[in-house]
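Enquirer: One structure, pasted below without further comment.
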Amino acid sequence: MTRVGRLFLFIAFLSAGNLSVAQTDSSLRFYTGDLGEQDFELSEVRVRRSCTCSGVCCCAKKQESVYTGNRFVSTDILLSRDPSIELIRRGAFALEPVLNGMSTDRMNITIDGMKIFGACTDKMDPITSYVEPNNMKSVAVLQGSAGALFGSSIAGTLNMETQGASIRPSMKWTGEVGTGYNSAAKGISHLYALNRSGAKWAVSSNGVYRKFGNYRSGHGERIPFTQFEKWNNSFSAKYMPRERQILRLDLIIDEGYNIGYAALPMDVLYAKARIGGISLEQFYQKGFFERGEFKFYANRVKHAMDDTDRPDVPMHMEMPGLTETIGSYADLRYKRSAHKGILRLDLFRTRSRAEMTMFPAGELPMFMLTWPDIVKQSAGIYLRDVWELRSGNRIGVNFRFDFVSSQSVDQFGIAQASVFNQNIGETDLRFLRNAGLSYTAKLKQNWKYWVTCGFVERSPSTTEQYAFYIFNAMDGYDYIGNRSIQNEKAWQSDLGLEWKKRRITWTLTTFHYRIQDYIMGKIESDYDAMTIGARGVKMTTNLPSALLTGARTILSYQVNRNFELNGRASYTYGTIPGGDPLPMIAPMRNVLSCRWTGNKMFLQLETEAAAGQNRVNPDFGEQTTPAYTLIHFRSGYTVKTPKGRLILNGGVENLFDRHYRTHLTWGGIPQPGINAFLNVNYAFN
Amino acid sequence: MNFQIKTWFMGSLLMAGLLVGCKDEPTIEPTDNNNSNSDLIEIASAQSDVGDWTVKLFAAEKLFMGYNKLYLEVWDKTTNTRVNSAKIALNPMMDMGAMQHSAPFENPSETAESGMFACAVVFQMPGEMGWKLNVDVEMPDGSRKGKAELPLQVASPDVVRTHVVMPAGGGDPLIISLVEPIEPKVGMNRFEIAVHRRASMMSFPADDSLTVEIEPEMPSMGHGSPNNVNPVIAENGHYVGTVNFTMTGMWYVHLKIMHGAEVLDDKSYFEINLK
C-alpha cells in the first residue's frame, strides 16, 4: 500500500524511453505481480536519472515529489505543476489546460490512450475534468510530434494513465479513505480506494466526492458562481488468462452538478461522463515482438448549460451538449538489436451534437444546433523507432498518418448551415501527416542534450469547422465554423540541455513552433451577432502563419538528506503576422520551493510568482494582467499504525491573502485568497 | 508465439470490423418542420349555371386574409370526368351590402395539371359571409360556356399576411402579400411576395416595376441573418428572393419597396414563426 500511496500522484512521463524499459525486464518481474506498476516504477527511476523522450519531455523530475501526498487537488491543478502547462480559468472548476501556449483544440487529451471529447461548446468541460487524481497513476505530457502516438496534434498530448487494479497476491485487500477541507471555498472532499487481489486477478474501485462553495478572493470578497459539486467513481478489473496475457476492463463514471462559471453568462446544470475500455495485452517472451495490445473503448459525455440561477437574464436559455465516441487501437512493440519501437493502428468515431434553446415570453422557443450533429471518423497509423547507438546516444523517428472525415447527419443542421452557403451534409475528408526526428546525446561529463524537430498537422476541431453562433465570453463574439478551412500545420523544434552533478540537476528546454494556416476567428462585420450583447460575429479562418516560442527551466538541489530546493520557470512568446500578440499567452511564471523532510513529517515553503502580461490582443478581449507573488506553506505528517498509515496534510495557500488573477483567467475574475487546507487520509493493507 | 501474433492480427481485424459495423446513423430527433403539405382540402363547390359543370375549389388550408394558392377542378357532369383543358376566368367579389369590391387574383392557365387548375386570390379582408368566387369556364374551342359562383369564408390569420400600403409620394395603394414561405424552416427559404396596385375597387393589376429589399430580424433578440437575397421580379407582380433563418422562433422580415429611387414603403414587415 505504501508504494501505491507514493506512486499515486506522481506525474510520470510515458515516453519512448520508459515504454521500452518495461520491455527489457525479465519474466520474473512480470510474474511477481502487476505489470503496470512496474512500468511505472521503472519509468520513475528512468525519468529521474535521465530523459530519453523522443520529443522534449517535461518528465516529472524529482521535485514533483514535493507535491505528492496531496491527492485532494484536481487533475488540472496537478497538471499545472508541469512548467509547460498553464490553465484557462472560467470558474473554479474544469480549468482548461494550455500546453506551450496552445489550448485544447490543438492537443490530444486521452485517458489510457482513449479518445474522448468534451460535450460543451464553450470548452467548459476539458477531459481533464472527468478523471480524478485519486484514480490516476500518471499523466504523460508529450510535446509536439512526440505526442503523435495518441493522435495528430500541434501541441502534443496529455495522456492520463489510470491506476487500474493491482494484481498482488501477497496483499488481498488494500485501500484507503480520506477527507479534506478547504477554507477559501468551504470545500469538502472525500475519497476512497479499494483493491482486492487474487493470484491471477484483481478488482479495484475508487471514488471521490467534492462539494465546494463560492470561494473568497484576496481581501475578503466572495466570488459568485464559483461553486461546484461532483463525484467520480471508477471500477477496474484485471485478469491473467495465461501467464503472459492481461485482460483489463475499466469503467469511469463522473458527474458534476451545479457548477458555477463566474466568467461566463451561464452555469452548468450537470456534466456527466461514462467512460469504458477493455484491453488485452500480450507479452512475448522472445522473438522480434515484445508486446501487443488491443483495446476497444466507448464513452459518452453529456453536458448541460443553464442560466436559471443568473439574475437579469433577458430570457431563459438552455444549452445541452453530447458527444459519443467509440474507438479502438492495436499496438505492436518490437525490439531488435539496437532498435525498438512501436506500431499502432487506431480508429475512432465520434458524434457531437449541441443545442441551444431560448424561451422568450409569449413567443415560440428559439432553437438552433450549435454543433449540428457532426460525425467524425478517423483512421490512423503510427510508427516509431528508437535506435540506440553504441555511444549510448539515441536517434528516434516517428511517423503518423491519419484520414479524418466529418459531416453533419442532421437535416436541420444541414439546412441551418446553408445560410452561410456551406454544405455540411457532404463528407469532408482530410489527410494528416506527422513526423518527428529526435536525437539525444551526452555532451561530456554531466552534460546531456537533445534536439527534436518535427512536422505536425491537425484537422480543425468540430467547433472550428461547424460552430453555429457559439458565443465566446472572452472576446464577446459569436463564432461561426468554416468547413473549408485548411488543416493547421507547423514546423516544430525543441532543444534541451541537462546538467547533472550528484545532488543537482538543472534542465533547460526551449520550444519553437512556426505554424502555418493558424486557425483563428476573424471578424465578419457583414454578419449580425445572435447572442444578445455580443460584439459581432467571427468566422474561423486560416492566418498565414503564427509563431510560438518559449523556454522552461527546472533546477533541483538536494542540499542534504533532509533539505531540498526546487525551482522552475517558464516563458512563452507568441505572435501573428503584423506583430500582434497571439491571444491567451501566459506571462513568465516561476515556482520556488524549499522542503525539509524528516522521519515522519515534511515542511515546505513555496513562492509562486508571475510577471505581468502587457502583450495582449484586444480583438480577443484580453486585458493586461499585473504581476503577483504568492507564498504557500505545506506540511505533512505520517503516523504508522499496525495495519496501515494515517497521513495528515495541511497548509496555507496564498498566505498573505493577495488579491490577484492569472492572465489566462477569463473576465478578470480574481483567484482565491488565503486558503487553509487539511486532509486526513488512512491507508490500510 | 505465432498463434499469439495471429491473435493480435485477428484483434486488429475485429477492431476494424467493429468500427465499420458501427456506421449506422445515430437517431436524430425530428426537428424538421418542413412537411410537404400535398394534402389539399376542399373549400367549396358549385354547379355552373349552364354547361353542366361542377366546379370544386381546393386549397392547402382554409382560406385566409392574404395570398391564397387555389386549385380548381372542373367536372363534366355528362361524362363524370375531370376537364383538363379550359379557359377559366376568376372574379372574386366581396358584397358588403352598401358596396362591393373585388380582389387581386391570378387566372389559371388553360391546361390543368393533375386535373387541377392552379390559380390565386389575395383576400384583403376576412369574412364569414360576403366573399364569393365567380368562375367563368369556357371550352378552349368556345363550344361550351358556363359560370359557377362559389361562396367562401375567409378567416383572419394568426399573423398578417398582406399589407395595404399608401405610397409615401402618392399614387395607387399597393397590396403586398406574402406568398412564400408558408412553412418556413431554419436555413434557406424561398421568399416570395406578390404586389398589386389598387387601381379601383374592381381592378388590381400586378406591379412589376418595383425594387424590393428585405431584412430579417429576430425582434426579441435584435439580430438578423446572413446572406439573404433581395427579391427580384419574376412575373405577374411576384418578386422572388431568399430569406435565411438561423433559428426557430419569431422572425420579422422587413420590407423596403422602391420605385426607382423613390421609397414607397419601408415600414411593412411580415411576421414569420418557425416552430
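The values are calculated or read from the model by the stated rules, or taken from the named source; none is laboratory data. Just so it is clear, the structure is predicted and the values come from calculations on it, not from any experiment. As a convention, Cβ positions derive from the backbone with ideal geometry for all residues, glycine included, and neighbour counts pool all protein chains shown. SASA here: full protein model, heavy atoms, side chains in, ligands and nucleic acids out. Shrake-Rupley method; radii C 1.70, N 1.55, O 1.52, S 1.80 Å.
Enquirer: Which ones in region A:251-302 are among the aromatic types (Phe, Trp, Tyr) and more than 30 Å from A:Ala338 (Cα to Cα)? Steps first, answer last, please.
Expert: Taking region A:251-302 and keeping what is among the aromatic types (Phe, Trp, Tyr), we get A:257, A:261, A:270, A:283-284, A:288-289, A:294, A:296-297.
Selection gives A:Tyr257, A:Tyr261, A:Tyr270, A:Phe296, A:Tyr297.
Enquirer: I would also like to ask the following. Residues in region A:571-588: is at least one over 30 Å from A:Lys538 (Cα atoms) and open to solvent by less than 40 Å² (accessible area, probe 1.4 Å)?
Expert: No: zero hits.
Enquirer: Same structure, new question: Exactly one condition in (1) crowded, with 23+ Cβ neighbours inside 10 Å; (2) out of contact with any Gly (no Cβ under 6 Å at 6 or more places or on another chain); (3) more than 9 Å from chain B (Cβ to nearest Cβ) is false for A:Ala354; which is it?
Expert: (2)
Enquirer: Can I ask one more? Every residue in region A:322-333 that is more than 10 Å from chain B (Cβ to nearest Cβ), surrounded by fewer than 23 Cβ atoms within 10 Å (Cβ to Cβ) and touching a helix residue (DSSP H, G or I) at 6+ places or on another chain (Cβ under 9 Å), please. Break it down stepwise before answering.
Expert: First, pick out the residues of region A:322-333 that are more than 10 Å from chain B (Cβ to nearest Cβ): A:323, A:325, A:333.
Applying the additional criterion that residues be surrounded by fewer than 23 Cβ atoms within 10 Å (Cβ to Cβ) yields A:325, A:333.
Answer for region A:322-333, where residues must be more than 10 Å from chain B (Cβ to nearest Cβ), surrounded by fewer than 23 Cβ atoms within 10 Å (Cβ to Cβ) and touching a helix residue (DSSP H, G or I) at 6+ places or on another chain (Cβ under 9 Å): just A:Arg333.
Enquirer: Also: Would you be able to tell me the number of residues in region B:246-270 that are open to solvent by less than 50 Å² (accessible area, probe 1.4 Å) and closer than 13 Å to B:Pro219 by Cα?
Expert: 8
Enquirer: Working only within region A:247-281, note down all residues that are more than 21 Å from the chain's Cα centre (by Cα), within 21 Å of A:Lys115 (Cβ to Cβ) and of a type in the set (A, V, I, L, M, F, W, C).
Expert: Of everything in region A:247-281, those that are more than 21 Å from the chain's Cα centre (by Cα), within 21 Å of A:Lys115 (Cβ to Cβ) and of a type in the set (A, V, I, L, M, F, W, C) turn out to be A:Leu249, A:Ile278, A:Leu280.
Enquirer: Any residue that is open to solvent by 10 Å² or more (accessible area, probe 1.4 Å), within 21 Å of B:Asn91 (Cβ to Cβ) and touching a Pro at 6+ places or on another chain (Cβ under 9 Å) - is there at least one of those in region B:209-230? Write out each step before concluding.
Expert: Just the residues of region B:209-230 that are open to solvent by 10 Å² or more (accessible area, probe 1.4 Å), to begin with: B:209-211, B:213-215, B:217, B:219-222, B:225, B:227-230.
Going one step further and asking which of them are within 21 Å of B:Asn91 (Cβ to Cβ), we end up with none.
Within region B:209-230, not a single residue is open to solvent by 10 Å² or more (accessible area, probe 1.4 Å), within 21 Å of B:Asn91 (Cβ to Cβ) and touching a Pro at 6+ places or on another chain (Cβ under 9 Å).
Enquirer: What is the residue count in region A:264-317 for residues that are touching an Asp or Glu at 6+ places or on another chain (Cβ under 6 Å), part of a loop (DSSP other than H, G, I, E, B) and free of Cβ contacts under 8 Å to residues at least 40 places away in the same chain?
Expert: Of the residues in region A:264-317, 0 are touching an Asp or Glu at 6+ places or on another chain (Cβ under 6 Å), part of a loop (DSSP other than H, G, I, E, B) and free of Cβ contacts under 8 Å to residues at least 40 places away in the same chain.
Enquirer: Starting from region B:207-226, keep only residues that are at positive phi, then list their pairs with residues that are part of a loop (DSSP other than H, G, I, E, B) whose Cβ atoms are within a distance under 8 Å, requiring at least 6 positions of separation or different chains.
Expert: Every condition considered, the pairs that remain are B:Gly222/A:Ile532.
Enquirer: Hey, among A:Met319, A:Met305, A:Met315, which residue is within 10 Å of chain B (Cβ to nearest Cβ) and among the hydrophobic types (A, V, I, L, M, F, W, C)? Write out each step before concluding.
Expert: Values: A:Met319 fails: within 10 Å of chain B (Cβ to nearest Cβ); A:Met305 fails: within 10 Å of chain B (Cβ to nearest Cβ).
Testing whether each residue is within 10 Å of chain B (Cβ to nearest Cβ) and among the hydrophobic types (A, V, I, L, M, F, W, C) leaves just A:Met315.
Enquirer: Could you run through region B:78-117 and say how many residues are among the basic types (Lys, Arg) and open to solvent by less than 30 Å² (accessible area, probe 1.4 Å)?
Expert: Filtering region B:78-117 down to residues among the basic types (Lys, Arg) leaves B:82, B:87.
Still in the running and open to solvent by less than 30 Å² (accessible area, probe 1.4 Å): none.
Count: 0.
Enquirer: A further question follows. Please work out which residue is farthest from the other protein chains (Cβ to nearest Cβ), limiting yourself to region A:364-393 and to residues that are charged (D, E, K, R) and open to solvent by 50 Å² or more (accessible area, probe 1.4 Å).
Expert: Taking region A:364-393 first, the residues charged (D, E, K, R) are A:373, A:376, A:384-385, A:388, A:390.
Add one more test, that the residue is open to solvent by 50 Å² or more (accessible area, probe 1.4 Å), and what stays is A:388, A:390.
Details: A:Glu388: 25, A:Arg390: 30 Å.
Ranking the candidates gives A:Arg390 first.
Enquirer: Which of the residues spanning region A:132-161 are among the hydroxyl-bearing types (Ser, Thr, Tyr) and either assigned to a loop (DSSP other than H, G, I, E, B) or surrounded by fewer than 22 Cβ atoms within 10 Å (Cβ to Cβ) (or both)? So that I can check it myself, show each step before the final result.
Expert: We begin by selecting, within region A:132-161, every residue among the hydroxyl-bearing types (Ser, Thr, Tyr); these are A:138, A:145, A:152-153, A:157.
Matches in region A:132-161: A:Ser152, A:Ser153.
Enquirer: Can you pull out the residues in region B:188-197 that are farther than 16 Å from B:Ile214 by Cα and surrounded by fewer than 19 Cβ atoms within 10 Å (Cβ to Cβ)? Spell out how you get there, then give the answer.
Expert: Initially, region B:188-197 is screened for residues farther than 16 Å from B:Ile214 by Cα, giving B:196-197.
Hits for region B:188-197: nothing passes.
Enquirer: Do we find that A:Ala146 is over 30 Å from A:Ala546 (Cα atoms) and touching a Ser or Thr at 6+ places or on another chain (Cβ under 6 Å) in this structure?
Expert: On the way: over 30 Å from A:Ala546 (Cα atoms): no; touching a Ser or Thr at 6+ places or on another chain (Cβ under 6 Å): yes.
Answer is no for this residue.
Enquirer: Which ones in region A:524-540 are farther than 14 Å from A:Asn472 by Cβ, facing chain B (nearest Cβ under 10 Å) and among the hydroxyl-bearing types (Ser, Thr, Tyr)?
Expert: A:Tyr527
Enquirer: Which residues, taken from region B:37-77, are in a loop (DSSP other than H, G, I, E, B) and open to solvent by less than 60 Å² (accessible area, probe 1.4 Å)? Outline the logic, then answer.
Expert: Of all residues in region B:37-77, those in a loop (DSSP other than H, G, I, E, B) come to B:37-40, B:48-52, B:60-63, B:65, B:77.
If the condition is that a residue be in a loop (DSSP other than H, G, I, E, B) and open to solvent by less than 60 Å² (accessible area, probe 1.4 Å), then B:Leu40, B:Ser48, B:Gly51, B:Ala60, B:Leu63, B:Met65 are the ones that fit.
Enquirer: Output the strands (runs of 3 or more DSSP E) that fall wholly within region A:413-523 and possess 1 or more residues being surrounded by 20 or more Cβ atoms within 10 Å (Cβ to Cβ) and within 14 Å of chain B (Cβ to nearest Cβ), or say none.
Expert: Working: elements: A:428-442, A:447-458, A:468-472, A:477-480, A:488-501, A:504-523.
Answer list for region A:413-523: A:468-472, A:477-480.
Enquirer: Among the residues of region B:230-271, which ones are out of contact with any Gly (no Cβ under 9 Å at 6 or more places or on another chain), within 14 Å of chain A (Cβ to nearest Cβ), part of a strand (DSSP E or B) and over 16 Å from B:Arg161 (Cβ atoms)?
Expert: Answer for region B:230-271, where residues must be out of contact with any Gly (no Cβ under 9 Å at 6 or more places or on another chain), within 14 Å of chain A (Cβ to nearest Cβ), part of a strand (DSSP E or B) and over 16 Å from B:Arg161 (Cβ atoms): B:Gly241, B:Thr242, B:Gly249.
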